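Asks: My questions all concern the structure below.
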Amino acid sequence: MRSADLLILGATQVVTVDGGRATTKRGAREMNDLRVIEDGAIAVKRGRVAAVGTTNEILQGWHGMQRLHCRGRAVLPGFVDAHTHPVFAKPRDDEFAMRCRGEDYEAILAAGGGIHASARALRTRRVSELARDVAERLDSMLRHGTVAVEAKSGYGLTLASEMASLRAIRRAAARHPITAVRTFLGAHVVPQEYAGRRKAYIDLVIHEMLPRVAKQKLATFCDVFVEKGAFSVAEARKILRAGKRLGLRPKVHADQFRDSGGARLAAELKAISVEHVDATGPAGMRALAKARVVPVLLPSASLFTHLKHVPNARALIEAGCAVALATDFNPGTSPTENLQLVASLGCTLLGMTPEEVITAITRNAAAACGLGDTHGRIAVGRPAHLVIIDAPSYVHIPYRMGTNLVHQVLVNGRVVVDGGRLAEV
Ligand code: NIG
Ligand code: FE
């Protein structure tokens, strides 16, 4: 008998999302292969998975100081939210109400609302205030089963407030069980005070913001919003190349409302991921598959902006992409931190299978934010980041349509959510 610190026993399913040598699962066959163990169990030692098998196998080979009985519940890898904007100063419920009365998202932005409204509010805040708000949002994400997030700046749009936003993420995450990977999104839109002087703002991003962000190691990735009303492909190419030279790997907000060539740019620059891709055409999809860029689909944002387009998940998967899903948590287009809801929308709006959406919020999502070595699957030797749901099967995650099914969350083998509530840590 070998000794473990913790034995998790009697799970209706242990959904490992394991198998295959690559970081991602690509295409329909791999994305549908979840490697589920019925009546499963996990031995945890020093915060890592020491063994995975059936309850019988684990009980025969291991004894543990502590035992956790799942009793009718399923265990999955902790969820990874690969695209969020958690640093903002106030909600935008006013714009939501305007859109419900027929006003258009892009028209509100062009009139100085939207991202501009968020920038005006954020610039008055100190890092400590921003960090406190981010920490509360991370708490909510954790209660919904998210153990790692990609978190962007992009509502400051000045040197000081973009740096403050990234520092706020770092400060909040330093004391939090969630792992946060930071992305610099200074090129979210051209701020209002640079109206008519876009080149001057792009120069500020390239020559002042990016070098400071890189020098102070405030971000891993650099993102640009490529869209009419935001940045062109040529402008984004300049910014993302400058970021790349400083060691920041590109990500791209692409083709949210029209095919502007953002997906092809992501492929050309070997971006780690491309986000939205609601309106990407066949050429863009082929380019993404060939360059192995992970498309991060954000169906809650598509829904919340009244379904002008929805990403063609089926075509992306058939093209051989490793599709991920994320919340896009932000005050404008997706005020939800619930990845379970997003999984449900993956099935209902995008035509994905329950197996594909689980792969898309775990393994492929981890790869989309550079966390493929530590997150997104349950396998021997990896950190024990686990979610135990109050349901017998992973199918309930998309099926229960946004109900928070999370019973327990473990990070590095330690219970951080218990009975749906944050545990005292
Ligand atoms: O991912 N597309 C650009 N940025 C965000 C939303 C910005 C906002 O409206 O605040 C998004 O949808
Ligand atoms: Fe976004």
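The values are calculated or read from the model by the stated rules, or taken from the named source; none is laboratory data. If you're wondering where the values come from, they're calculated on a predicted model, not measured in any experiment. Neighbour counts run over all protein chains shown; Cβ positions are idealised from the backbone, glycine included.
Asks: Let me spell it out: the conditions are (1) more than 16 Å from ligand 2 (Cβ to nearest atom); (2) of a type outside the set (A, V, I, L, M); (3) surrounded by fewer than 20 Cβ atoms within 10 Å (Cβ to Cβ); (4) over 18 Å from CYS347 (Cβ atoms), and LYS308 meets all of them except one. Which number is the exception?
Replies: For LYS308, the failing item is (1).
Asks: List the helices (runs of 4 or more DSSP H) inside region 305-421, counting only whole elements, that have at least 3 residues being within 30 Å of ALA119 (Cα to Cα).
Replies: Details: elements: 313-318, 339-348, 354-361, 363-368, 396-399.
Output list reads 339-348, 363-368.
Asks: If you scan region 100-132, which residues turn out to be out of contact with any Ser or Thr (no Cβ under 6 Å at 6 or more places or on another chain), within 11 Å of ligand 1 (Cβ to nearest atom) and among the hydroxyl-bearing types (Ser, Thr, Tyr)?
Replies: Answer for region 100-132, where residues must be out of contact with any Ser or Thr (no Cβ under 6 Å at 6 or more places or on another chain), within 11 Å of ligand 1 (Cβ to nearest atom) and among the hydroxyl-bearing types (Ser, Thr, Tyr): just SER118.
Asks: Could you grab me the full set of residues in region 163-189 that are part of a helix (DSSP H, G or I) and either touching a helix residue (DSSP H, G or I) at 6+ places or on another chain (Cβ under 6 Å) or of a type in the set (Val, Ile, Thr) (or both)? Talk me through it step by step, then tell me what you get.
Replies: Filtering region 163-189 for residues part of a helix (DSSP H, G or I) gives 163-174.
The answer is ALA164, ARG167, ALA168, ILE169, ARG171, ALA172.
Asks: On the basis of being part of a helix (DSSP H, G or I), in contact with a His (Cβ under 6 Å, 6 or more places away or on another chain), more than 16 Å from ligand 1 (Cβ to nearest atom) and under 30 Å from ARG363 (Cβ atoms), does LEU142 make the cut? Lay out the reasoning, then the answer.
Replies: On the way: part of a helix (DSSP H, G or I): yes; in contact with a His (Cβ under 6 Å, 6 or more places away or on another chain): no; more than 16 Å from ligand 1 (Cβ to nearest atom): yes; under 30 Å from ARG363 (Cβ atoms): yes.
No: the conditions fail for LEU142.
Asks: Does LEU218 satisfy being of a type outside the set (Phe, Trp, Tyr), in the same structural domain as ALA322 (by TED's automatic domain parsing), more than 30 Å from VAL310 (Cβ to Cβ) and buried (at least 19 other Cβ atoms within 10 Å of the Cβ)? Don't jump to the end; show me each part of the working.
Replies: Details: of a type outside the set (Phe, Trp, Tyr): yes; in the same structural domain as ALA322 (by TED's automatic domain parsing): yes; more than 30 Å from VAL310 (Cβ to Cβ): yes; buried (at least 19 other Cβ atoms within 10 Å of the Cβ): yes.
Yes; evaluated as a whole, the condition is true for this residue.
Asks: Also, quick follow-up: So which of ARG120, ARG101, ARG125 ends up being modelled with pLDDT of 95 or more, among the basic types (Lys, Arg) and buried (at least 19 other Cβ atoms within 10 Å of the Cβ)? If you could, list the steps in order and put the result at the bottom.
Replies: Numbers: ARG120 fails: buried (at least 19 other Cβ atoms within 10 Å of the Cβ); ARG101 fails: buried (at least 19 other Cβ atoms within 10 Å of the Cβ).
When all the criteria are applied, what remains is ARG125.
Asks: So PRO331 fits all but one of (1) within 16 Å of ligand 1 (Cβ to nearest atom); (2) in contact with a strand residue (DSSP E or B) (Cβ under 9 Å, 6 or more places away or on another chain); what number is the exception?
Replies: (2)
Asks: In addition: Please go through region 311-353 and give me each residue that is over 26 Å from GLY281 (Cβ atoms), within 15 Å of ligand 2 (Cβ to nearest atom) and either of a type in the set (S, T, N, Q) or in contact with a Ser or Thr (Cβ under 7 Å, 6 or more places away or on another chain) (or both), ordered by number.
Replies: PHE329, PRO331, THR336, GLU337, LEU339
Asks: Could you tell me whether region 190-198 includes any residue that is on the phi < 0 side of the Ramachandran plot and assigned to a strand (DSSP E or B)?
Replies: Initial filter on region 190-198 (on the phi < 0 side of the Ramachandran plot): 190-195, 197-198.
Retained after the next criterion (residues that are assigned to a strand (DSSP E or B)): none.
No, region 190-198 contains no residue that is on the phi < 0 side of the Ramachandran plot and assigned to a strand (DSSP E or B).
Asks: Taking region 36-91, which residues are within 16 Å of ligand 1 (Cβ to nearest atom) and not in a loop (DSSP other than H, G, I, E, B)? Walk me through how you get there before you give the answer.
Replies: Of all residues in region 36-91, those within 16 Å of ligand 1 (Cβ to nearest atom) come to 81-91.
ASP81, ALA82, HIS83, THR84 - these are the residues of region 36-91 that are within 16 Å of ligand 1 (Cβ to nearest atom) and not in a loop (DSSP other than H, G, I, E, B).
Asks: Now a separate question. Identify, by number, the condition in (1) surrounded by 14 or more Cβ atoms within 10 Å (Cβ to Cβ); (2) touching a Gly at 6+ places or on another chain (Cβ under 8 Å) that ALA74 doesn't meet.
Replies: Only one criterion is unmet by ALA74, namely (2).
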